[in-house]
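Read through the structure below, which is laid out as structure tokens, and then see the notes.
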Amino acid sequence: MRRFTLPLGLLCCLLAVGALAFILTAPTQVASQARPAGAPAELKVGFVDFLSGPAVLFGASGKNTAEWLVDKWNKEGGIRGVKVKLVIVDEAGGPDKQVTEFRRLALDEKVDAAVGFTSSATCLAVAPVAEELKVLTVVHICGTRRLTEERPLKYVFRTSNHQAADSVMLARYVLSVKPDVKTIAGANEDYAWGRDSWDDFKGSMLRLKPDVKVVAELWTKIQAGEYSAEISKLLVAKPDVVHSTFWAAGLITFVKQGAPRGLFKDSLVALSVAEQSLQDLKKEMPDGVIVAPRATPGYFLHPDPAKHPLQKEFVEGIKARYGRYPEYAYHRTYQAFAGLKVAYEKAIDQGGGKWPKSEDVAKAFEGLTWQTPYGAITMRADHQAVHGGLVGLTKFNPQYGFPTIDRVATFRAEEIMPPVGVKSPDWIGQLQK
Amino acid sequence: METKRLPLAPAVGAGLLLVVPLVLPDWMKFIVTLAMAKFVAVLAVALFLRANLVTFGHAMFYAVGAYAVGFSVKWFGFGDVVVLLPVGALLGAGVAALVGLVIARYREVFFAMLNLAFSMMLYGVLLKLYWLTGGTDGLGVGVPTFLGYAPPREYLRDFLYYTTLGVAGIVIYVVHRFLASPLGFYLRALADNEIRIEYSGESARRVLYHTYVVSGALGGLAGVLVAFTVGHIVPEYSFWIQSGDFVFVALLGGYGSVVGPLIGSIAFEFIRTYASKYFPNEWQMALGIIMLAIILFRPGGLWAIYEALAARVGRRTSERQRA
Amino acid sequence: MRLLTTIAMDGTVFAAILFLISVGLTLVFGVLRILNVAHGGLYAFGAFTATTLAVWLLDLGANPYLTYLMLLVAAVLVGVIAGPLIERVFLQRVYGRAEAIQLLLTFSIFLILDDLIKLIWGTKPLFVSAPYTLLGEFSLSGIRYSWYQVVLIAVAIVFGGVLVWAVRGTRIGKIAVSVINDREISQAIGINVNRVYVGSFTLGAFCAALGGALIAPTIAVAPGFAVDATVLAFAVIAIGGMGNLEGAALGALIVGLLRAMAVHLLPEADLVVIYVAMIAVLVFRPQGLFGQVELRRI
């Protein structure tokens, strides 16, 4: 009798284990049936953003979104059955270090694609190397217009508006809120981002209202952290409007040092990146400051999550996992990853179910339209995606404990971004009201 | 009997370096190229360490060399490695000749401070003259040519590697001869007793000045090489932390020998790359601890450790032979 | 006219900050003859500790005025813990050795401290502004300033005064001066030189930490922010004379005013003027404005 029960018992155990194994691996099995021919075990995507230093406030947002999205996709089976693996790299250390890091991503980690690059300095330095090493690179936030306006790109894409859009949008909004503005001043960081943004804002203002005078142009080091003298200079000059593209910790310090001294009462201050820091500044951000999530067509309250499912899923998902409402850095990271995924899917379909090479994905990316929580965006042939923008004035919202955006105005892509083939300064010189 | 082992090791080392591009993966090739290029600047600093002088400003010449390449590419579209190497060296030497007029009078901490001030002044200029230098964005250097020849993309890195190796080899030879020359001996004497130098009819200031000019040329050379290797240069090339890194590597490798800094530079680049990959927030601390260990226990650096090992092995073989 | 008062005010505020950063560095150099590159790390430690303590206090709901006490407590903590630790464990092993070695030792400690901060506090910037905004603002020539900035100036003056009195007027101070001038003779007449060294370094560390603690409420405290401060401190003490307290004050004033002038009048030059001044002083008066010429000992 024992001879029968033991093998039977063993057989049952084996069957149970086998069934369990089948159940646990079923999703991958099902997916692997649909895996494209020649697909790698996993899609390695490098993500480069600031993980340390004053700009970590951006990098944290980017990293959170990347992880949230990739986890979601991997749970749903990955990109046509291929799971995505993130290789996260710190963008700190300066452009030359980042060039070296990019080479490491490409040659040592052997990533299939790279996403990220917040700083204008980094993306300008890395783009030629990406082209040299033929690595598909999706820039998510870096704002310098030079990335896509100076030379043709094959492997590098940018999935969000560049700085010209922010500046033109702010100029238009300033004129709508304060049509009698007479004097303007700029407080920006001394590199491509600050310089070009101010040039575009100044150019737009002077084009739309030629009698405006520039009374001060201030330049600080990136993330300088100490602005007392600059604030004094602005208080002396007393411009009607102050334009600033300070971001992350530098912006927060600027507001903290400036608000008590009445800078925001004396002048109407337009901060192109401030929406990102509203949840950090909370009560310290005064009311009536022009803020924008740069030129992005929404933020966590707009469009209304109740009416838009992607927005609802995103806002609730991020808030639940990270305790924070997604701001523009979250959103632009979403734009980048979503675009990459859709591009891969299109390339797979176009290739008849074969796993595509980087060149194929790049070709699929051009002209691609994909969905984001704030609507659809389209990648142009010059590797620059365009979308609309949202801007408004801060107003403290007791329901959230930080300021939300009041007197919202939205602008269409054509109103704020130059068309293909036209350089921003030229386009701004011909701006129509 | 022991000394026979010593020349073997450098030969083996040189042989290894010669075959690196054929054996090691692309990424490591890049690191070794970078290490060899920076080694030239480290050697410049090591010269002064022998004279018990710390310079926290040699990044200045390094930046001069790098920006020579940057401006050449930006204004003339000219990026030839073979031509720009001597240009960088000359510019570095030129700047050193000017700055050295002021600096050669000073010793000890004032020497370090003045060097620091000049290099930080250059940093400030590079940073602020945005329209000229690109400010913090820096300058891209593009694809280099070699005496007009543009190698195919797959071999570009190899060309750079062997060029750097060649320059490093030449530099080692030149510095070796320099140190064997009267100037070289006087340099070491600067550390011991400056008055004796004056008594023997030489001017300490002249010794320092000449060494300074030579070190400036070396710094410029390194700057050119690194500019082409990395492909992008920034004002931080003139920052005091960069100078600190050079001094650090000189100590790590052992500034008593000419080859020590090379070992130190390669070790440093490898540690930095792999440590920062796995321990992004701890690798600086690891370097600091290594440095402390070297300073406290083995100030001769890695080279001294090697020499001690070689001596012990040599002694054991000769004992065995005698027995 | 308004421009002059603005420059003067901004310059003096900078000078106060610079003095607080530099006085510890010059003190340590004066007594130990070591240029402590790790000074910046202690400054950063002070800032981080102060911010953490202040935030913790505010979270407990205590009286916000107590945050000022927290700033002081942070400085004392850092000074008293880091000072003797660094001096006894590391510095004392390199006394008498080549200067290059000593400098590199402190540079290594700087690297270690920098990463320690990242390990303890993470990489995100920290903020606490209650101490900065609590005292309110005032107007000078129509420009508003925060009273806290005036407090910084007052603290710098008082603190400098206390230090000068301590060095000149007290017995401990005179002992320290004796050690500065001749270590061997001091030992010969029975002074415990080791204790003077530890004490001086601890005081220097406390000064660095106090500087950081007082700055913290005005800025975003993030890893790496000490790197710029360190080199500014070098410039200040080189100009004023290394090892000289009044020199540090004068150097700080010069650098602060120069920077304020540059920002208001010629912003392109605001970094360069400081180093130009440093070079100018070192070339014409290498020992600094108040420094003493060192006789070469054979």
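Residues in the range A:63-79: is at least one in contact (Cβ under 8 Å) with a residue 12 or more places away in the chain, over 18 Å from residue A:336 (Cβ atoms) and of a type in the set (S, T, N, Q)?
no
Grab the helices (runs of 4 or more DSSP H) fully contained in the range C:200-298, keeping just those with 3 or more residues being in contact (Cβ under 8 Å) with a residue 40 or more places away in the chain and either surrounded by fewer than 20 Cβ atoms within 10 Å (Cβ to Cβ) or away from chain B (no Cβ under 13 Å) (or both).
C:245-265
For residue A:178, are the conditions met, namely being out of contact with any Cys (no Cβ under 8 Å at 6 or more places or on another chain), among the basic types (Lys, Arg) and under 21 Å from residue A:247 (Cα atoms)?
For residue A:178, the condition - out of contact with any Cys (no Cβ under 8 Å at 6 or more places or on another chain), among the basic types (Lys, Arg) and under 21 Å from residue A:247 (Cα atoms) - is not met.
Among (1) within 14 Å of chain C (Cβ to nearest Cβ); (2) charged (D, E, K, R); (3) under 26 Å from residue A:431 (Cα atoms), where does residue A:233 come up short?
Residue A:233 satisfies all of (1) within 14 Å of chain C (Cβ to nearest Cβ); (2) charged (D, E, K, R); (3) under 26 Å from residue A:431 (Cα atoms) except (3).
Among residues belonging to the range A:278-312 that are without any contact (Cβ under 8 Å) to a residue 40 or more places away in the chain and touching a helix residue (DSSP H, G or I) at 6+ places or on another chain (Cβ under 9 Å), point out the one that is surrounded by the most Cβ atoms within 10 Å (Cβ to Cβ).
Applying the filter and picking the extreme gives A:300.
If you check residue B:137 against the conditions, is it crowded, with 17+ Cβ neighbours inside 10 Å and over 21 Å from the mean Cα position of the chain (by Cα)?
Answer is yes for this residue.
Kindly check whether there is at least one residue in the range A:159-178 that is under 16 Å from residue A:121 (Cα atoms), polar (S, T, N, Q) and in contact with a Gly (Cβ under 6 Å, 6 or more places away or on another chain).
yes
Do you know which residues across the range C:108-123 are surrounded by fewer than 19 Cβ atoms within 10 Å (Cβ to Cβ) and outside any helix (DSSP H, G or I)?
Matches in the range C:108-123: C:122 only.
Condition check: free of Cβ contacts under 8 Å to residues at least 60 places away in the same chain and within 14 Å of chain B (Cβ to nearest Cβ). Does residue C:103 satisfy that?
In short, no.
If I filter the range A:218-230 down to residues being facing chain C (nearest Cβ under 8 Å) and assigned to a strand (DSSP E or B), which single residue comes out as farthest from residue C:125 (Cα to Cα)?
Checking each candidate, the answer is A:218.
Might you check whether a residue that is small (Gly, Ala, Ser), crowded, with 19+ Cβ neighbours inside 10 Å, assigned to a helix (DSSP H, G or I) and facing another protein chain (nearest Cβ under 8 Å) occurs anywhere in the range B:266-287?
no
For the range B:145-165, what are the residues that are surrounded by fewer than 12 Cβ atoms within 10 Å (Cβ to Cβ) and either touching an Asp or Glu at 6+ places or on another chain (Cβ under 8 Å) or within 21 Å of residue B:218 (Cβ to Cβ) (or both)?
B:147, B:148, B:153
Of B:33, B:55, which residue is out of contact with any Gly (no Cβ under 9 Å at 6 or more places or on another chain), under 17 Å from residue B:163 (Cβ atoms) and either part of a helix (DSSP H, G or I) or within 14 Å of another protein chain (Cβ to nearest Cβ) (or both)?
B:33
Of everything in the range B:58-87 that's of a type in the set (Gly, Ala, Ser) and in a helix (DSSP H, G or I), which residue is nearest to residue B:118 (Cα to Cα)?
B:59
Give the residue that is farthest from the other protein chains (Cβ to nearest Cβ), with candidates limited to residues of the range B:232-256 that are assigned to a loop (DSSP other than H, G, I, E, B) and crowded, with 22+ Cβ neighbours inside 10 Å.
That would be B:254.
Anything in the range A:56-66 that is surrounded by fewer than 24 Cβ atoms within 10 Å (Cβ to Cβ) and either within 25 Å of residue A:107 (Cβ to Cβ) or at pLDDT below 90 (or both)? List them, or say none.
Within the range A:56-66, just A:63 meets the criteria.
Please determine whether any residue of the range B:107-129 is closer than 30 Å to residue C:237 by Cα, more than 13 Å from chain C (Cβ to nearest Cβ), in contact with a helix residue (DSSP H, G or I) (Cβ under 6 Å, 6 or more places away or on another chain) and of a type in the set (A, V, I, L, M, F, W, C).
No, the conditions are met nowhere in the range B:107-129.
Mind listing just one residue for me: the one in the range C:135-183 that is touching a strand residue (DSSP E or B) at 6+ places or on another chain (Cβ under 9 Å) and either of a type in the set (A, V, I, L, M, F, W, C) or surrounded by fewer than 14 Cβ atoms within 10 Å (Cβ to Cβ) (or both) and, of those, farthest from the other protein chains (Cβ to nearest Cβ)?
Across the range C:135-183, the extreme among qualifying residues is C:150.
Does the range A:71-86 contain any residue that is under 16 Å from the mean Cα position of the chain (by Cα) and in the same structural domain as residue A:360 (by TED's automatic domain parsing)?
No - not one qualifying residue is present in the range A:71-86.
For a quick check of your reading of the model, give me the residue pairs whose first member lies in the range A:261-277 and is within 14 Å of another protein chain (Cβ to nearest Cβ), whose second is assigned to a helix (DSSP H, G or I) and of a type in the set (Ser, Thr, Tyr), with beta-carbon atoms closer than 7 Å and at least 6 apart or on different chains.
Taking only residues 6 or more apart or on different chains, the pairs are A:276/A:328.
Which of the residues spanning the range A:320-336 are surrounded by fewer than 19 Cβ atoms within 10 Å (Cβ to Cβ), touching a residue at least 12 places away in the same chain (Cβ under 8 Å) and part of a helix (DSSP H, G or I)?
The answer is A:321, A:322.
Does the range A:362-414 hold any residues that are touching a strand residue (DSSP E or B) at 6+ places or on another chain (Cβ under 7 Å), assigned to a loop (DSSP other than H, G, I, E, B) and closer than 16 Å to residue A:296 by Cα, and which are they?
A:387, A:388 - these are the residues of the range A:362-414 that are touching a strand residue (DSSP E or B) at 6+ places or on another chain (Cβ under 7 Å), assigned to a loop (DSSP other than H, G, I, E, B) and closer than 16 Å to residue A:296 by Cα.
This table checks each residue for (1) in contact with a Gly (Cβ under 9 Å, 6 or more places away or on another chain); (2) within 14 Å of chain C (Cβ to nearest Cβ); (3) modelled with pLDDT under 85; (4) closer than 30 Å to residue A:246 by Cα.
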residue: A:27; (1), (2), (3), (4): yes, no, yes, no
residue: A:33; (1), (2), (3), (4): yes, no, yes, no
residue: A:46; (1), (2), (3), (4): yes, no, no, yes
residue: A:54; (1), (2), (3), (4): yes, yes, yes, yes
residue: A:73; (1), (2), (3), (4): no, no, no, no
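Of all residues in the range A:240-266, count the ones that are at pLDDT below 95, outside any helix (DSSP H, G or I) and either in the same structural domain as residue A:323 (by TED's automatic domain parsing) or more than 18 Å from the chain's Cα centre (by Cα) (or both).
Of the residues in the range A:240-266, 1 are at pLDDT below 95, outside any helix (DSSP H, G or I) and either in the same structural domain as residue A:323 (by TED's automatic domain parsing) or more than 18 Å from the chain's Cα centre (by Cα) (or both).
With respect to residue A:137, is the statement that it is farther than 25 Å from residue A:250 by Cβ and polar (S, T, N, Q) true?
yes
The values are calculated or read from the model by the stated rules, or taken from the named source; none is laboratory data. It should be emphasised that the depicted structure is a prediction, and the values quoted were computed from it without experimental measurement. Positions of Cβ are generated from backbone atoms using ideal geometry, with glycine treated the same way; all protein chains shown enter the neighbour counts.
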